[in-house]
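In what follows, a single structure is set out as structure tokens and then discussed.
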Amino acid sequence: QVHLVESGGGLVQAGGSLRLSCAASERIFSINTVGWYRQAPGKQRELVATLTSGGSTNYADSVKGRFTISKDNAKNTVYLQMNSLKPEDTAVYYCNADLRPSFYQSSRNYWGQGTQVTVSS
């Protein structure tokens, strides 16, 4: 079973930067679509950014121009570079990937366990 493990979360002051990483627990045959979602206390989980295998990106209006999603297929890792962070960005961030684990398996959707990002004023 493939597991996605997030890292890079933590506490940062407003205006600062963080880079989140999401690495697969094992080698991946191919990655179709990856994304980052977040959930703040008392709110529903929302889309932050997605990246397709073709290179198309989609960002929430609230993070556009500040966040950048990218991936390194060789490392089986997805990144979310977060700049100019605001207190409103405080949330648990989850990585998501639609991927094919191996040549012998079909594609399916996976979720990470989440990593806390806290932005102070």
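The values are calculated or read from the model by the stated rules, or taken from the named source; none is laboratory data. Here the structure is a predicted model, which means the values were calculated and not measured. For neighbour counting, all protein chains shown are included, and Cβ atoms are generated from backbone atoms with ideal geometry for every residue, glycine included. The area values use the complete protein model at the heavy-atom level, side chains included, leaving out ligands, DNA and RNA. Shrake-Rupley method; radii C 1.70, N 1.55, O 1.52, S 1.80 Å.
Couple of notes before you dig in:
- Per-residue ³J(HN,Hα) for the range 98-112, Karplus 6.51 cos²θ - 1.76 cosθ + 1.60, θ = phi - 60°, Hz, x for Gly and Pro: 9, 9, 10, x, 7, 4, 8, 10, 8, 6, 7, 9, 10, 10, x
- Annotation for the range 41-121: trypsin sites (Lys or Arg not before Pro) lying in DSSP loop with at most 10 further Cβ atoms inside 10 Å of their Cβ are Lys43.
- In the chain the longest region clear of chymotrypsin sites (Phe, Trp or Tyr not before Pro) that are loop-assigned by DSSP and have at most 11 other C-beta atoms within 10 Å covers 1-102.
- Per residue, the chain exposes 54 Å² of solvent-accessible protein surface, assessed with a 1.4 angstrom probe and all protein chains in place.
- Remark: relative contact order (the range 11-121) = 36 percent; criterion is Cα-Cα distance under 8 angstrom and separation of 6 or more residues.
- Pairwise Cα separations in the chain fall into 10 Å bins from 0 onward with the following percentages, short to long: 14, 48, 29, 8, 1.
- Solvent-accessible area assigned to carbon and sulfur over the chain amounts to 46 percent, based on a 1.4 Å probe.
- Three principal axis extents of the range 1-71 based on alpha-carbon atoms, in descending order, are 38, 25, 24 Å.
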